[in-house]
Structures are given as structure tokens and as C-alpha cells.
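A short worksheet on the structure shown next.
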Number of protein chains: 2
Amino acid sequence: MQDKYVIIVAGGKGLRMGSDSPKQFQVLCGRPVLMHTLDAFYDYDRAIRIILVLPDVQMVYWKNLCTDYDFNIPHVVVSGGETRFHSVKNGLSLIEKQLAAKEQNWMDNVLIGVHDGVRPLVSKSLIARTYEQATLEKGAYPIIPVTDSLRKSTGATAKKFVSVDRSKYFLVQTPQVFWADLLIAAYKQDYKEEFTDDVSVVEAAGTCHPTTVEGKRENLKITTPIDFAIAQILMKCKT
Amino acid sequence: MQDKYVIIVAGGKGLRMGSDSPKQFQVLCGRPVLMHTLDAFYDYDRAIRIILVLPDVQMVYWKNLCTDYDFNIPHVVVSGGETRFHSVKNGLSLIEKQLAAKEQNWMDNVLIGVHDGVRPLVSKSLIARTYEQATLEKGAYPIIPVTDSLRKSTGATAKKFVSVDRSKYFLVQTPQVFWADLLIAAYKQDYKEEFTDDVSVVEAAGTCHPTTVEGKRENLKITTPIDFAIAQILMKCKT
């Protein structure tokens, strides 16, 4: 039997956003965004171990929210780091400790996914597709096509750009799922600025070349008020 | 004094979309999408000459809509072509004839913009910025940053992609505005598949290298039901 984990990364910026509630706590169709996100993974597999990475300053607030909303999905909360990389690393440290307490081949048959807390609309089928593909290929992540015309800065002159073939470019989503040993080892590297997601960390380690699965446009990342309004529309479509 | 034109390109696909009304005719905050689009340019400059390119099959429908909605913004309707390139070319033929009827240096001081009919949320300030920049630089168009992680297909193996620096990539919007003589000359080229917008046509002609202005995320292209719902939200924000 396969063990599955998911690390849900929720906002390094946290309460520094000002008077507004951080996006992960905004109430979407009756519940904070993060609860929808955790629910999606729990709905996919009741046995999945959920690790939520939150800035320290938000932990009490989250705990109170869980009480207020009677939110009972099992999960462990871990402290966030300075960047997304450090937050994921903190989540992985916990998993490593948990697995080390088990038998010798402790990392066999364990998959770890990493998912953005502000992608509450991830579907059960997309999660399933990504974990399944990762089982076969050591690593997998969803992508969607670019639908607008795309241009690239030449760097030579300000405001001058060259045309590129948009059919070759894809936008990256989460969850990004990997064999546990590869992901944990990859995150032992020193942090680099170009580590914008987990695939980039794993590829830099050179131990595996993750493959892609078909993402969904609906699996959007809520970062602006417009995104939030779209999510409201999409959630209503689902119910 | 400067003469300004705008060619508004409205949907080659037209009524072939099936039972649904084409996006340019859908009613957004009380009026068909296209009326908002024409209004934006009229609001920017009452003297701008508006050329609307429509598939033949939609012309009577549009005329009736204008009557029903008491829509009085002056504009000329021109037949659409097989692709966007051919549609723009048809609009330019009309402008060329109109200008040729004038004095010798007929193309001096004339600017032509090309705009997607299904971008009704274009702001007055964005239109102004693009026409002003085009006056100085021969050609200008709006771009916005890519906010998601971006990957590029290597073509070597299916499902394998390389990471790219997203800060170098930008999504292209309209209006795209050019000196009339350059744009008309560029559209005398034979059609190529890579002509996805007007900048690509002008650059292929090699007569000018258009520069960019700062676009706006709100200036979205309505192509899906989700886009339409977003436009509804944004329109309500404006009023």
C-alpha cells in the first residue's frame, strides 16, 4: 500500500498584506479558502496525510477558524519559512522525521505532493491524475496552455520584445507530486532564487525529470480580488 | 492635426459557434459586448474613425441590434475575411481608399489602431497611452506580465518541459497602433500562419520595431463563459 502526503503551502506574506484578510482566509461560498483546499485532498483520499504550512503569526487565527467552522479534517500545522522554498522544506522535515521512525526502507512507496493553499478549486480527478503519474514517473505536475499572444524581452533595449511561438509554452499549476526520497533529497540543496516551484528544485538536483499531466484552467491561484471573484463564480457552478 | 482610425475586429467564427450567441453580441451590463468596445474608442476621441469588421452573416443582425439599442456611435462596417489577418486587411483597404482620395501626403500624421471586438473593458487611458506612444515610435502595443510559472516544451520528448524565466515573458493585448503607411504596407505581405497579431505582421515587414506600453489585466479578451463572468464583475466595479 502506498503512503501519500500533501504539503499545503499557505502564504508567506500572511498578515503583512494590511487590513485585508489574507486570501487563504477569505470566505468563499461559506468557508475560508484554505478549508476548501484541504477538503479537496481529503475528498481524494481519506488516508492522505495533510501538512499545512502557515506563518507563525497566523496559527492561532487558523486554530480559532477551525473551531468556529467546526472544521475536522485531520491535518498537522507547521511553521512557514522566509520563502516558499523554506516553507516546503519545513513541511518535508516533519515528514522525514515521521518516516524515519518507521522500518528500514521507509521511503519506499511514499509520495509527497506540494500544493498552493490558494488553489481551492483543484479537482479530485486532477489530484488523482497527478499522484498516479508521479507513481510511474517519479514526479508529475499539471500544466495548461498559454492562450494569449506571448512575447519575450530581448533584454537588449527597454520596451523591445520578440515574438515567440506560444504553442510551445505552458503555465504551471499544483499539486506537484514526487517520490518522497527524491523530493526530500532535492530540498537539501542551498536555496536559489530561481526555485519558483518544486519541479525547479527537483530538476536542479538532477535526480529525476518530472513529467506533466493535463491541468485545468479552473484550478486557479487566488492572488487578486479578480481571482477571488472568479473563484466565487466557479464554486457556484459546482454546487 | 492627427487623423486616427481604429479597426475593431469582431469574430471570424461568428454564428458557427452554434446555438449560443457569439461573444461579441452577448449582453453585458445592459448592452452587447461590441457596443461597449466601440464606446470606449468614441469616448477616447470623438473624432476617431471606427471601422468594424464583421462576418457577412452577422451584418443584418448587428444593424438590427443598433436600432434596438438606439446605438448611434458613428462607424463603418466592413466584411470579415477567412482569418484575423484577412479581416484586418479588409479594414485597411477601406482606409487606404479614403486616404487616397485626399491630398498628396495623405498618410502623414495618420494613426491606425487594431483592437479585438471582445475586449470591451479597454480603458480610455490605455487607448490614449498606446496612440501617444505610436505617434513617437511608429508602432505601440500593450503588454502585461506573466504571473504563473512558465515552462517551455523541448519538443524532444512528449511531456518533457524546461523551466523558463517568466520575468522575461509578457502577454500581448490590443489596441495595437501604427503609423498608417507602415501598417498598410505590412499587410501587403502574403499571409503566414505565424501572423497572430498586427505586431507580428509589421515586424515581419521589417519596416519598424513597435514598442510596448503597460497594459491592464482588466483589458481581458472574452472568449469563454468564465471570461464573460469576469467581465460582468469588472463592469459592475466601474459603475
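Assorted remarks:
- Elements of type strands (runs of 3 or more DSSP E) contained in region A:121-169, each with 2 or more residues being at the interface with chain B (Cβ under 8 Å from one of its Cβ atoms) and either within 25 Å of B:ASP227 (Cα to Cα) or touching a residue at least 60 places away in the same chain (Cβ under 8 Å) (or both): A:150-153
- Matching residues, region A:170-184, being buried (at least 22 other Cβ atoms within 10 Å of the Cβ) and not in a strand (DSSP E or B): A:GLN173, A:THR174, A:PRO175, A:LEU183
The rows are residues; the columns are (1) under 23 Å from A:ARG166 (Cβ atoms); (2) out of contact with any helix residue (DSSP H, G or I) (no Cβ under 6 Å at 6 or more places or on another chain); (3) modelled with pLDDT of 90 or more; (4) of a type outside the set (Lys, Arg).
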site	(1), (2), (3), (4)
B:LEU126	yes, yes, yes, yes
B:THR135	no, yes, yes, yes
B:GLU203	yes, yes, yes, yes
B:VAL213	yes, no, yes, yes
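- Here is the figure for region A:164-194: residues that are under 14 Å from the mean Cα position of the chain (by Cα) and aromatic (Phe, Trp, Tyr) total 1.
Rundown of residues vs (1) over 22 Å from A:ASP3 (Cβ atoms); (2) within 17 Å of the chain's Cα centre (by Cα); (3) surrounded by 21 or more Cβ atoms within 10 Å (Cβ to Cβ), yes/no style:
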residue: A:GLU82; (1), (2), (3): yes, yes, no
residue: A:GLY113; (1), (2), (3): no, yes, yes
residue: A:ARG119; (1), (2), (3): yes, yes, yes
residue: A:LEU126; (1), (2), (3): no, yes, yes
residue: A:THR147; (1), (2), (3): yes, no, no
residue: A:SER153; (1), (2), (3): yes, no, no
residue: A:VAL162; (1), (2), (3): yes, no, no
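- Index of the failed condition, A:GLN24 passing every other in (1) within 18 Å of A:ILE222 (Cα to Cα); (2) part of a helix (DSSP H, G or I); (3) at pLDDT 95 or above: (3)
- With respect to (1) assigned to a loop (DSSP other than H, G, I, E, B); (2) more than 9 Å from chain A (Cβ to nearest Cβ); (3) touching a residue at least 12 places away in the same chain (Cβ under 8 Å), the lone exception for B:VAL202 is condition (1).
Yes/no matrix, rows are residues, columns are (1) over 23 Å from A:VAL199 (Cα atoms); (2) in a helix (DSSP H, G or I); (3) among the polar types (S, T, N, Q); (4) at pLDDT 90 or above:
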| site | (1), (2), (3), (4) |
| --- | --- |
| A:PHE41 | no, yes, no, yes |
| A:ILE50 | no, no, no, yes |
| A:VAL60 | yes, yes, no, yes |
| A:LEU65 | yes, yes, no, yes |
| A:VAL88 | no, yes, no, yes |
| A:GLY91 | no, yes, no, yes |
| A:GLN104 | yes, no, yes, no |
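The values are calculated or read from the model by the stated rules, or taken from the named source; none is laboratory data. A quick note: this is a predicted structure, and the numbers were derived from the prediction, not measured. Ideal geometry is used to build each Cβ from the backbone, glycine not excepted, and the neighbour counts take in all protein chains shown.
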